[in-house]
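The values are calculated or read from the model by the stated rules, or taken from the named source; none is laboratory data. Values in this document were obtained by computation on a predicted structure and should not be read as measured data. All Cβ positions, even for glycine, are placed from backbone atoms using ideal geometry, and neighbour counts span all protein chains on display. Side chains are part of the model used for accessible areas, which takes the heavy atoms of the whole protein and leaves out ligands, DNA and RNA. Shrake-Rupley method; radii C 1.70, N 1.55, O 1.52, S 1.80 Å.
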Amino acid sequence: MLVTGTSGHVGAVVGAHLLERGHEVVGVSRRLNKSSRTVSRAISLDLSRVDAAATIAGAEARCDAIVHAAAAIDSDPFAPALTLTNGLGTQQL
């Protein structure tokens with residue numbers, strides 16, 4: 001299982017839940033923290049990067065499913081970071 005956003009609340013809970021049930025969990029997050037280290041393997045990656053798809057392609061090949069819980073938040077709903085992370089990041093998965 002590949003879970004994005006494992007440094008955040010939702011991704012960390014989903015990753016831990018899957019791990020407790022015996023799944024191998026690859027966690028992807030911009031910043032590795034205590035929550036993102038509760039998975040089988042953690043990858044530090046900013047999904048807004050143009051080369052993100054190539055970076056996680058090897059991890060996806062071994063995953064049966066993807067749980068996309070990563071998102072950027074900002075007080076400005078039109079902030080470029082939102083489009084890059086939430087739009088381009090989702091497309092790359």
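Hey, what's the chain come to in accessible area per residue, 1.4 Å probe, Å²?
58
Sorted from largest to smallest, which semi-axis lengths in Å does the alpha carbon gyration tensor of the chain give for its equivalent ellipsoid, taking the root of 5 times each eigenvalue?
22, 15, 10
Using a 1.4 angstrom probe on heavy atoms only, work out the carbon and sulfur share of the accessible area of the chain in %. Could the numbers behind the result be given before it?
Working: 3030 of 5400 Å².
Percent of accessible area from carbon and sulfur atoms in the chain: 56.
Using R₀ = 25 Å, calculate the FRET efficiency as 1/(1 + (r/R₀)^6) where r is the Cβ-Cβ separation of R62 and H9; round to 0.05. Display every interim value, and only then the final one.
Values: r = 26 Å, r/R0 = 1.04.
Given R0 = 25 Å and the Cβ-Cβ separation, E is 0.45.
Could you order T55, T6, T83 by accessible surface area, starting with the largest, using a probe radius of 1.4 Å?
Putting T55, T6, T83 in descending order of accessible area: T83, T55, T6.
Report the relative contact order of the chain, percent, no decimals, based on alpha-carbon pairs under 8 angstrom and at least 6 residues apart. Before the final figure, lay out the partial values.
Numbers: 163 pairs, mean separation 28.8, N = 93.
About 31 percent, as a whole number.
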